[in-house]
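These notes concern the structure reproduced below.
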Amino acid sequence: MTDQTRQPTKHIFVTGGVVSSLGKGIASASLGRLLQERGLRVTIQKFDPYINVDPGTLSPFQHGEVYVTDDGAETDLDLGHYERYLGESLSQANNVTTGRIYLDVITKERRGDYLGATVQVIPHITDEIKAAIRRAATNRDVVITEIGGTVGDIESLPFLEAIRQFRQEGGRENSLFVHLTLVPYLAAAGELKTKPTQHSVRELMEIGIQPDVLICRTEHPMTEDLRRKIALFTNVDVAGVIEAPDVGTIYEVPLVYRQQKLDDLVVAKLGLTVPPPDLRRWEGMVQKVKQPANGQVRIAVVGKYTSLQDSYKSVKEALTHGGIANDVGVKVEWLSSEEFDNGGSNLLKAYDGLLIPGGFGIRGVEGMLNAIRWAREHELPFFGICLGLQTAIIEFSRNVVGMAGSNSLEFVKDTDAPVICLMDSQRNVTDLGGTMRLGAYPARLRPGSRAHAIYGSGEISERHRHRYEVNNAYRDLLAEFGMRFSGLSPDGNLVEIIELPDHPWFLGCQFHPELKSRPMNPHPLFASFIQAALRRQQGREPAEELPAAAVEVGS
């Protein structure tokens, strides 16, 4: 849209019903991508109803991964979907929780901002929610706001009331409601059942919200008669009843929505005049995921939280992106590091690469060390991220340098060789999270190193989420035995990347590169790692690194 044709920012509110975890985040991100491809400036924000100020202290088993933005915000994993689909970096403003809203309101009350008024859910809490919506609208044509939880949850009520008010105040022509529901298949009856969707919409309407679009998750195709029935009982146009079947890859969802003209309906209802989307590059990317030309590689992810794969959502997606860059399928298999505690390293024989992801605490660490040793000694491509780098340092110190007592001060406070420790500036901080290095930090890469070749640059910026660092007192000793410190902070004080030059592909990084990987622009480290796995599978000799520019998808 040109500056002369700019209209007021349009708002799309996405709610969920029937059951949780239906995929509101992917639905929001997919719609956002379609609108972006039509030339609109789009952003997406997530409102979470839990009372935690942010998910930073939540267990990965309860809430999945914590997604970190450039500005150091610890956010919901759905922000990862938003960034991957939109190809843009988001910020703290894109994730708001009940805890954050109440904290802001109580802070204002203590400061006297309300001039003695009785502070209540309406108007004070709802006004704070509406203010967060407006903040996201700066320089945007469309803001998509996803409301976490399920209609009927008591925690969600202030958010639903706020978006009801927002549409009333901003004009119906400037807002649109999308409701995501489940249409379950009842095997005994041999048919899809619409009653849960009807009840969910009815509950939403009791709050004062009439959805304009229904996105119906289903495992079986919906007939036209079924769509008409849903439309009749929910007061939604038939064209607004969108089928959302299970697909081979989540990146296919925008194409499914486009086939049903969801974006056409949305722009029409919002009064936007924009060209149709050009999805050829996106379609080409999806084709590489579904039908890769170079077969498939098997990657073992050995971690602490593998029983809940959402704990490593961004890692999984980044591995897929690495496959896209090499036109190869990536089969990710999740192995608990505790399986390796007593050895068990022969479990890795069937794999083409090993990845050790991030985590906190001592549980399963000995298993990680055993897995890393096997990968190092058997020349299996190894990629260590955050805790993966730290355990690689410990394993190398014990089994190559010969310091049997090597450990991290996170795990053993009186270890003889604390190769991983807190920096001096962190030791007197007591708040949980206060010692964390969060968000984007720069690093400089050593010329001639594998890391430098992979990135094709001498300076990078990557996102961090960790407390402990490589102990500088041991760097010279580790280097004497062959470890290369190929990435350092600009002042040279913090280790960012390590590698073993005499290994086909052995690299660890202190940061989380998975957070910056996109399907249309795979992260160079993941692209190179999957390239190494493919070379191992095919029995080929190491070749030149895949140049960073070559990982752009869609040419």
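The values are calculated or read from the model by the stated rules, or taken from the named source; none is laboratory data. What you see is a predicted model, and the numbers here were worked out from it, not measured in a lab. Methodologically, a virtual Cβ is constructed for each residue, glycine included, from the backbone with ideal geometry; neighbour enumeration extends over all protein chains shown. Accessible surface is based on the protein model in full, side chains and every heavy atom, while ligands, DNA and RNA are left aside. Shrake-Rupley method; radii C 1.70, N 1.55, O 1.52, S 1.80 Å.
The aspartates and glutamates whose alpha-carbon is closer than 15 Å to the alpha-carbon of Lys331, local same-chain residues fewer than 8 away aside, are Glu317, Asp352. A crude spin-label estimate for the pair Gln291 and Asp246, with each label 7 Å from Cα along the Cβ direction, gives 2.3 nm. Residues of the stretch 344-383 falling in the label zone of Arg446, defined by backbone nitrogen less than 18 Å from a point 7 Å along Cα to beta-carbon, are 382-383.
From largest to smallest, the equivalent ellipsoid semi-axes obtained for the stretch 76-146 from the alpha-carbon gyration tensor read 29, 12, 10 Å. For the stretch 14-115, the set of GluC sites (Glu not before Pro) satisfying both a DSSP loop assignment and a count of at most 16 other C-beta atoms within 10 Å is given as Glu88. Centre-to-centre separation between the Cα atoms of the stretch 430-496 and those of the stretch 116-168: 41 Å.
Projecting label points 7 angstrom from Cα along Cα→Cβ for Met423 and Asp278 puts them 4.5 nm apart.
Mean sequence separation of contacting Cα pairs (under 8 Å, at least six apart), scaled by the length of the stretch 171-213, corresponds to a relative contact order of 46 percent.
Only protein heavy atoms count here; under a 1.4 Å probe, Arg446 has an accessible surface of about 120 Å². Between Asp341 and Ile207, residue separation times 0.36 nm minus the direct Cα-Cα distance comes to 42.9 nm.
With the alpha-carbon atoms of the chain aligned to their principal axes, the span from lowest to highest coordinate is 72, 61, 55 Å, starting with the largest.
With point charges of +1 on the Cβ of Lys and Arg and -1 on the Cβ of Asp and Glu, referenced to the Cα centre of the chain, which listed residue (Pro254, Asn235, Asn294) lies farthest in the positive direction of the dipole? Result: Asn235, furthest along the dipole toward the positive end.
Magnitude of the charge dipole for the chain, about its Cα centre and with charges confined to Cβ atoms of Lys, Arg (+1) and Asp, Glu (-1), is about 860 debye. With a Förster radius of 41 Å applied to the beta-carbon distance between Glu459 and His220, the computed FRET efficiency rounds to 0.20. Taking the Cβ-Cβ separation of Asp416 and Val238 as r and a Förster radius of 41 Å, what is the calculated FRET efficiency to the nearest 0.05? The formula returns an efficiency of 0.05 here. Electrostatic bookkeeping for Leu308 treats Lys and Arg as +1 and Asp and Glu as -1; over the other residues with beta carbon under 14 Å from its beta carbon, the sum is +1.
Counting 0.36 nm for each residue step from Ile122 to Ala404 and taking away their Cα separation leaves a gain of 95.3 nm. Residues in the stretch 459-472 carry Karplus couplings, in order, of 9, 9, 9, 9, 8, 10, 7, 6, 10, 8, 10, 5, 6, 4 Hz; the curve used is 6.51 cos²θ - 1.76 cosθ + 1.60 with θ = phi - 60°, and Gly or Pro positions show x.
For the chain, the longest principal axis of the Cα atoms and the long axis of helix 280-290 meet at an angle of about 60 degrees. With all protein chains in place and ligands, DNA and RNA left out, the 1.4 Å accessible area ranks Arg41, Arg450 as Arg41, Arg450, largest first. Here Ser89 and Leu186 are evaluated by their C-beta separation; at R0 = 35 Å the FRET efficiency comes out at 0.20.
With 20 Å as the limit on Cα-Cα distance, the pairs of Lys10/Lys269; Lys130/Lys516; Lys290/Lys349; Lys10/Lys229 that go past it are Lys130/Lys516; Lys290/Lys349; Lys10/Lys229. Ordered from largest to smallest accessible area (heavy atoms of protein chains, 1.4 Å probe), the residues Lys24, Lys108 come out as Lys108, Lys24. Contact order for the chain, expressed relative to its length and based on alpha carbon pairs under 8 Å spaced 6+ residues apart, stands at 14 percent. Largest first, the residues Ile106, Ile125, Ile51 sort by 1.4 Å accessible area into Ile51, Ile106, Ile125. Give the long-range amide H neighbours of Asn95: residues separated by 5 or more places, or on another chain, with amide H under 5 Å away, using H modelled in the peptide plane at 1.01 Å from N. It is Lys46, by chain and number. Translational diffusion coefficient of the stretch 154-231 (Stokes-Einstein, Kirkwood radius from Cα pairs, 10 °C, 1.306 mPa s): 114 µm²/s. Extension gain for Arg110-Glu377 works out to 90.0 nm (0.36 nm per residue, less the C-alpha to C-alpha distance).
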